[in-house]
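Everything on this sheet refers to the single structure shown next.
The values are calculated or read from the model by the stated rules, or taken from the named source; none is laboratory data. Keep in mind the model is a prediction, meaning the values are calculated, not measured. Neighbour counts run over all protein chains shown; Cβ positions are idealised from the backbone, glycine included.
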Amino acid sequence: MDMRDVAAIVTGGASGLGGATASMLAAHGARVAIFDLNEEQGTRKAQELGGAFYRVDVADAQSVKDGLEAAAQAHGTARILVNCAGVAPAIKTVGRENVPHPLDSFRRAVEINLIGSFNVIAQFAALLTAAEPVGEERGVIVNTASVAAYDGQMGQAAYAASKGGVVGMTLPVARDLAQHKIRVMTVAPGIFLTPMLMGLPQPAQDSLGQQVPHPSRLGRPEEYAQLVEAIIGNPMLNGEVIRLDGAIRMAPR
């Protein structure tokens, strides 16, 4: 799909992987709408790109509906969706003093990472089905999972479960939307230099990067965006999950 003059939506687009993706889309001429809860960063990023920002809670059906409608009024029906919004709790199943994992924390990870992704997918696709195809497709959806879906570490039960759900729904959602000529792909990043990791001391960042076989460094958000670009441009990429991880397989801790 040619990105020029195409409306696109990036959840979690204020920073990190989503921010880099929003920049990539805008650089290719797309009209970008950012959905995020961080109003300050989101507004600044949208202004930088000449796009639009909407404060959207991906886990809330009405919030997503309002955001999609506002984005459509500003840019037209979106044909590209990249789901990057997410949280990454680090809590063991049984913590210190034999305290069980708080259920609310587990539920929040699933609601945002998995249910939130599906919520945006379903509502986005429902609007897109009314649009005419462009060539042989109507649009493209790219979700964000994680290598934790396959080899989650200690303390990642909630995160791994939520991202595993994203992996698991990729093929059936792609099959559901095939009749509407909408492709669905998922990227499973390894250790990337996101705002969360940028807050760590440099020695800690270097130590994490050295765990990656090759290249032995943290992934760059621009490299995630580069893969999204390739997915959008290749019509035969559909219903699959791509690990973007430098061949890392996560250790237990």
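Structure notes:
- For the stretch 115-148, filtering for residues that are in a helix (DSSP H, G or I), small (Gly, Ala, Ser) and under 21 Å from Ala230 (Cβ atoms) leaves 1.
- Screening Asn234 against (1) in contact (Cβ under 8 Å) with a residue 12 or more places away in the chain; (2) under 24 Å from His28 (Cα atoms) leaves a single unmet condition, (1).
- Of residues in the stretch 131-147 being among the hydrophobic types (A, V, I, L, M, F, W, C) and surrounded by 23 or more Cβ atoms within 10 Å (Cβ to Cβ), the one farthest from Gly18 (Cα to Cα): Val140
- Only residues that are closer than 29 Å to Gly233 by Cβ and touching a residue at least 60 places away in the same chain (Cβ under 8 Å) were counted in the stretch 191-201, giving 3.
- Checking Ala178 against (1) touching a residue at least 24 places away in the same chain (Cβ under 8 Å); (2) in contact with a helix residue (DSSP H, G or I) (Cβ under 8 Å, 6 or more places away or on another chain), the condition it does not meet: (2)
- Residue in the stretch 17-37 that is part of a loop (DSSP other than H, G, I, E, B) and of a type in the set (Asp, Glu) present: no
- Any hit, the stretch 150-159, residues being in contact (Cβ under 8 Å) with a residue 40 or more places away in the chain, of a type in the set (A, V, I, L, M, F, W, C) and not in a helix (DSSP H, G or I): yes
- With respect to the conditions (1) more than 20 Å from Val142 (Cα to Cα); (2) without any contact (Cβ under 8 Å) to a residue 24 or more places away in the chain; (3) not in a helix (DSSP H, G or I), Tyr54 falls short on a single one, namely (1).
- Among the residues of the stretch 57-82, those identified as in a loop (DSSP other than H, G, I, E, B) and small (Gly, Ala, Ser) are Ala59, Gly76, Ala78.
- For the stretch 57-86, residues that are of a type outside the set (S, T, N, Q), buried (at least 22 other Cβ atoms within 10 Å of the Cβ) and within 26 Å of Glu137 (Cα to Cα) total 12.
- Residues that are in contact with a Pro (Cβ under 6 Å, 6 or more places away or on another chain) and at pLDDT 95 or above do not occur anywhere in the stretch 41-52.
- Just so you know, in the stretch 83-114 the residues that are part of a strand (DSSP E or B) and in contact (Cβ under 8 Å) with a residue 24 or more places away in the chain include one that is farthest from the chain's Cα centre (by Cα), and it is Ile91.
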